[in-house]
1. Mind giving me the FRET efficiency for A:Asn195 and B:Thr552? R0 is 22 Å, r the Cβ-Cβ distance, nearest 0.05 is fine.
2. Could you work out how far the C-alpha centroid of segment B:152-182 sits from that of segment B:409-479, in angstrom?
3. Once the dipole of segment B:377-437 is set up with Lys and Arg at +1 and Asp and Glu at -1 on Cβ about the Cα centre, which of B:Ala423, B:Leu435, B:Gln409 lies farthest towards its positive end?
4. Report, to two decimal places, the Cα Rg of segment B:140-221 normalised by 2.2 N^0.38 Å (N = number of residues).
5. All other residues with a Cβ under 12 Å from the Cβ of B:His268 taken together, and with Lys, Arg as +1 and Asp, Glu as -1, what is their net charge?
6. Apply the Karplus curve 6.51 cos²θ - 1.76 cosθ + 1.60, θ = phi - 60°, to the phi angles in segment B:36-43 and return the couplings in whole Hz, x for Gly and Pro.
7. Around B:Tyr95, with a cut-off of 11 angstrom between Cβ atoms, what is the net charge of the other residues, counting Lys and Arg +1 and Asp and Glu -1?
8. Rounded to the nearest 500, what is the 222 nm mean residue ellipticity of chain B from helices alone, with -39500 (n - 2.57) per DSSP H run of 4+ residues and division by all residues?
Amino acid sequence: MSPRGFDTDGKDGPAGSGPHSVLIVEDQEHTATRFARAVEVSPELTVCGVARDLAHAWMLFETHRPRFVLTDLGLPDGSGVEIILAAARADWACDCMVISVFGDRQRAMEAIRAGARGYLLKSDPVEEVSRQILEVIGGGSPMNPKIARYLLDTMGPAVTDTTPPGGERLTQREHEVLSLIARGYKRREIAEMLNISVGTVGIHINNTYKKLKVGTNIEAVARASKIGLL
Amino acid sequence: MRRILAGLGASALLVVVLMGLIVLLPDPPGRDIDGATLFRTAAFCPLEGETCSAAPEVVPLPHRVRSPVQEGIHKVRFSVEFDRFGETDGITAIYLPEFSDAVSISVNGWRQTPEPWAPGAERAFHHWHRPFIAMVSNALLEPQGNRLNIDLAAQVYQGISLSPLYTGDAAALDLAYQKLMIVRVGMARINLSLVGLAGGALLLFWLIHYRDPAYLWLGLASLASAAVCYHWVYPNVIANYRHWITFWNTAAALQVWCLLSFVCMRLHAGLPRLRLGSLIAIAAGTVGLILLPTTLFSPGIAAYQLGFLVLALVMLTVLVGWRNGTQPLNFAVLFGLYGLSTTLALSQWISRHLWFDWAPTLLASIIPVVFVLSVLWVIFYELGRSISRYEDLTASLQSTIDEKTAELQMSYERLAAQSKLQAVDEERQRILLDLHDGIGGQLVNMLAYMSTRAGTDSVLETAIEDALRDMGLMIDSLEAGDSIATQLGLLRGRLEPLFKAHRVDLVWRIRAEPGLPGSGPSQNLTLLRIVQEAITNAVRHAQARTITITATERSISVADDGHGFDPEEVGRRGRHGIGLTGMKRRARALGVTLDIASSPAGTRVDLSWSA
């Protein structure tokens, strides 16, 4: 069935030459197969390995030095977050996305804070998978309503004239963009509504990601104030 | 400046009014006593040695004379003729209720009492506030026409006066004498002990407790007043007449100065230069009195006393000018009492130095009484204020405690509620994860498997997809919390493959955050299920090309350009009927209005609610 023998040692060169190598970490066999096929749809991407557990994933990660890692979080021998952290520390360019059934909020956000650039739903169409992977490799950040809502909740209201300038607060425009994404609008629609280019929308989204990483302690504060400790 | 003028005006007005009252006060008329003869007139002559230096003239009593000499002692004689009371074995009394300043009497040429002015005894007599009684044996008296000489003497500084006098029944007159003695001297003693005690108490207050300078000054004023009263209770403490007069005038001046300081402190007026300047003036005046030649002593005393009377007027001015520093009642009482004291002192000064025969001398003895009243007032007033402040403090403390207790109680309850919520939340997360990784993962895996196989059952595939979508909806309703707009956005993302598969264009118009009143996760889930059902119906059964989804605060609508259906017919045939029936039932349960309008040009499903 599989177009290539991706469950073996890959033969890709180092990242940057030829198609981008993608490592898939997913314990459900058929789901893994489907994602592998979806990745291979694009000629710019190639699957360098599929791991069913963390141990196997480590081995493939070190061997192939993939340009991209697509990982499930709940693995038989641990959490996919560890792979995400390793990718963030890797001495070569390596981006990560999470594979999720529904994109459950708590773990997805944990993964994003660890360095993942969002998540793919297992039900996403095949062409959508490769498109999003390429977008991340190109420097973009996928965003969906759930993450946008989370960012809006944790990073609070937009900076106004009265608030002191700070790295971890959203600007007025970023807040607008996130609010629209949270309501389900696509980037193209947002660009039209705000009269800006699709690229500019992408820049705003990238910036909010950066701010999220800057302010990892924001969530602690937000949570504390929610339960009334502050 | 204005407040000083106002204060001066008010003080002067008060003094003038009180002075008017004093002027109008008549001398107390002699009261008849049974068995006694009242003399309202007497023959009067100045004395030169033991004999009249001028022809006697008859004068009405009371009669007052100013000393005509500049130095030494000034003596006069009043004479009356009186009858013996009773037989030869009885006693006849001679009773002088009021006179000034020292007395010695002789009857029929025989001296009956010693002469206080005997040579060598240079001293103050100041008997002016005591009555005098002498008992004469009837054996020495004629039945009628006995001659009584009343010799009165005074130092230069004092005046001479005699009020109506009595002779007659010794028992009755002695009783009258005793009563008056108690009132006059007794009052002076009571005043002395009261001001002494008040002064001590105020100084103790100041030392132990408050360190409020107002108490210090009022205490010192009381002690100065005690020195003045002492002069009326124990005569001749200092043998030298001039020193004694200087001493008690200085005490009186210091009393006024301490009162001024008290007023300045109590009303927060400050005025340190005024106070220091007046204190220096008092000291200089006292030194001056000591150094003055004897001939100038009397005008010196007059000037000195005028000085501290002016200081008293200054004190009244400050009291009025800074009256906002205290309660109106406290101001009124203090102003009244101090004003009265000043007026009494002023009237004494006038009758002593200006118009001799002007005001009754005895009025001066009221000054300490008024002062004692003022001190008592201050003590009780401050005590009352302390008590009310203490009660206010207690009340506010109590209310603070109640408040804090309620706050504590509330935060305990909040904490309890929080930990309960947290437990519920954790449990929900666990169930979500189970659903997610377990059932959800399995279903997705199954779909992936089916997609790799040719000829799998499309009905089964659709059912699994629907189940997954419904699970997604459930998870969203729990995770996206209260935002229906976000859940709509997530729904859009999940339905994207369906739209792609059926080549449907979507027009997305989520203009506002829909606010379903009283909604929680389960209400939102129900609402989203209706919306999802409407969308999937439009995609699957109506062959729509474009679907428009619109949301406002009060409504969500799904409109398509498909071929539509007849709701009645569909209801009967039942194929999509299950979906429509379910939508209606859910809308009813939510209390949301569901309108379905369908025509061959398209279908429109409207959900709306009121605020």
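Where a number appears in this text, it was derived from the coordinates with a stated rule and is not lab data. A quick note: this is a predicted structure, and the numbers were derived from the prediction, not measured. So basically every Cβ, Gly included, is an ideal-geometry build from the backbone, and we count neighbours across all protein chains shown.
1. 0.45
2. Between the Cα centre of segment B:152-182 and that of segment B:409-479, the gap is 117 Å.
3. Final value for the positive-end residue is B:Gln409.
4. On the way: Rg = 22.7 Å, N = 82, 2.2 N^0.38 = 11.7 Å.
Taking the Cα Rg and dividing by 2.2 N^0.38 Å, one obtains 1.93.
5. It works out to a net charge of +1.
6. Taking θ as phi minus 60°, the curve returns 10, 9, 9, 9, 9, 9, 7, 7 Hz for segment B:36-43.
7. On the way: positive: none; negative: B:Glu98, B:Asp169, B:Asp174.
Once positives and negatives cancel, what remains is -3.
8. On the way: 15 runs with 336 residues, N = 611.
Here the helix-only value at 222 nm equals -19000 deg cm²/dmol.
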